[in-house]
Amino acid sequence: MTATIRRAVLADAPTLGAIHSASWAELYPKALPAEVLAQLNPEYMAHLWGKFVSKGGDYKQWVAERDGSIVGFVGVGPGRDSGRDEETELYFLYVVPEARGTGVGTQLLAAANADYLWVWEEFKRTRKFYTQQQFIPEIVRVTRGVGPKSRVGVLFGSSYQTELKMIRNPAA
C-alpha cells in the first residue's frame, strides 16, 4: 500500500514532534545521553517543527500519510558542507516502526530528491537502505562533537558520533 506524500504544514507540528521524539528515543538510546533524549520530548520537537515548516525557501519537508495518519517525514535544505551550498542535503528521514519496510521511506526520499546525506556509521540498516536507493559512500568520515561549538556538540552536549557521507550515485 503506497502512502500519500505531501508537503508538511504548520498544523502537522504536534504530530511530527511526537513521531520525531519517539524515533529518537527508539533509535538513539546508546548513542546519546539519557538527559539529552529527555529534552527532545514531543512538545520541544513540535516547537522545532513549527520552525522547520515556517522557514520556507530552500528548506522543505514532506510527510507520508496512510489512512489519514502521518507515518513518516523527510526534510532537506541547502548543503551545509563547504562548497556544497548549491546542492540539496537530506537533513532527516524517519518512518514509524509499523510502516518501515513498506516503501514509505523510498517514497519520501524520492520526494526530497537530495544530492547527499550524512548517516551515523553504526546505523548499518539505515546505510543499507540508502545504498538500495542509489546512494554511495563518499570517501569522507567525520567524528563530530569535538568541542562545544561543533554541530553535535551544540545539539547533544559532549556526545561524539562518527558519520559517513553518502552521495547520490552519479552513474544511477
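Worth a mention:
- Sites GLU86 and ALA34, calculated FRET efficiency, Cβ-Cβ separation with R0 45 Å, nearest 0.05: 0.70
- GNM top mover of GLN61, GLN39, GLN107 - the chain, alpha-carbon springs below 10 Å: GLN39
- Among the lysines of the stretch 4-168, pairs at least eight places apart or on separate chains and with Cα atoms under 26 Å apart come to 15.
- Overall form of the chain per C-alpha gyration tensor (a/c, 1.5; a/b vs b/c): rounded
- In this simple spin-label model, placing a label point 7 Å from the Cα along the Cα-to-Cβ direction at both LEU10 and GLU43 gives a separation of 2.1 nm.
- Computed [θ] at 222 nm, deg cm²/dmol, the chain (DSSP H ≥ 4; -39,500 (n - 2.57); rounded to nearest 500): -10000 deg cm²/dmol
Where a number appears in this text, it was derived from the coordinates with a stated rule and is not lab data. Bear in mind that the values here come from a model prediction, so they are computed numbers and not experimental data. Backbone-built Cβ (ideal geometry, glycine too); neighbour counts: all protein chains shown.
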